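The values are calculated or read from the model by the stated rules, or taken from the named source; none is laboratory data. A quick note: this is a predicted structure, and the numbers were derived from the prediction, not measured. Here the Cβ positions follow ideal geometry from the backbone for every residue, glycine too, while neighbour counts run over all protein chains shown. For the accessible areas, the whole protein counts, side chains as well, though only heavy atoms, and no ligand, DNA or RNA atoms are used. Shrake-Rupley method; radii C 1.70, N 1.55, O 1.52, S 1.80 Å.
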Amino acid sequence: MHDDKLYLMADDDPEDQELFKKAFAAAAIPHRLAFVDDGEELLDYLLRRGAYDNGNVGARPDIILLDLNMPRLDGHGVLREMKKMPNIADIPVIVFTTSTAARDVEETYRLGGQSYIEKPFSFNKLVVRLQEIENYWTTTSRVPVPDS
């Protein structure tokens, strides 16, 4: 059974999306998980524009899992745009990427990302990482609740 929380993941790799679906289920996270394929689609979703302007959109995400290296608009570009818009700037964004570059970590935090996590290479470690994210972001930490 899912409660009303939504994780929205922006990742252009279909294999990573499938892996995350399986890991999310294995982690027994009781929330919904949805995907967009790149940074532009994420902004379209959040701003209800493009393919999402006709009611073809889900709920506002409670947490965004954001890959950095995507076509059209990368993760840092997404953060830059999100933080300019008060109606979406408060959504927690966790960068979840393969990049280990110090400049990517620094830029993520400078642009307002709440967390930077390197994607583990083992399925079991991914499950554990998702459980840690779930525990921290939905149990330990308080996040803003948008006006409805």
Review point. Of the residues LEU65, LEU126, LEU43, which is within 15 Å of LEU6 (Cα to Cα), modelled with pLDDT of 90 or more and not in a loop (DSSP other than H, G, I, E, B)?
Key: LEU65
Point to revise | Only listed residue being of a type in the set (Asp, Glu) and either in contact (Cβ under 8 Å) with a residue 12 or more places away in the chain or on the phi > 0 side of the Ramachandran plot (or both), chosen from ASP44, ASP62, ASP53 | key: ASP62
**Study point:** Residue under evaluation THR100, criteria (1) outside any loop (DSSP other than H, G, I, E, B); (2) free of Cβ contacts under 8 Å to residues at least 24 places away in the same chain, criterion not met
**Key:** (1)
Check your understanding: Any residue in the stretch 82-89 that is assigned to a helix (DSSP H, G or I) and farther than 24 Å from ALA26 by Cβ?
Key -> yes
Exercise for review: Kindly indicate whether ASP67 is under 15 Å from ASP11 (Cβ atoms), in contact (Cβ under 8 Å) with a residue 40 or more places away in the chain and acidic (Asp, Glu).
Suggested key: yes
**Study point:** LEU73 under 14 Å from ASP11 (Cα atoms), touching a strand residue (DSSP E or B) at 6+ places or on another chain (Cβ under 8 Å) and either open to solvent by less than 50 Å² (accessible area, probe 1.4 Å) or in contact (Cβ under 8 Å) with a residue 60 or more places away in the chain (or both)
**Key:** no
Review point. Conditions: (1) open to solvent by 40 Å² or more (accessible area, probe 1.4 Å); (2) of a type in the set (D, E, K, R); (3) touching a strand residue (DSSP E or B) at 6+ places or on another chain (Cβ under 7 Å). GLU15 meets all but one. Number of the miss?
Key: (3)
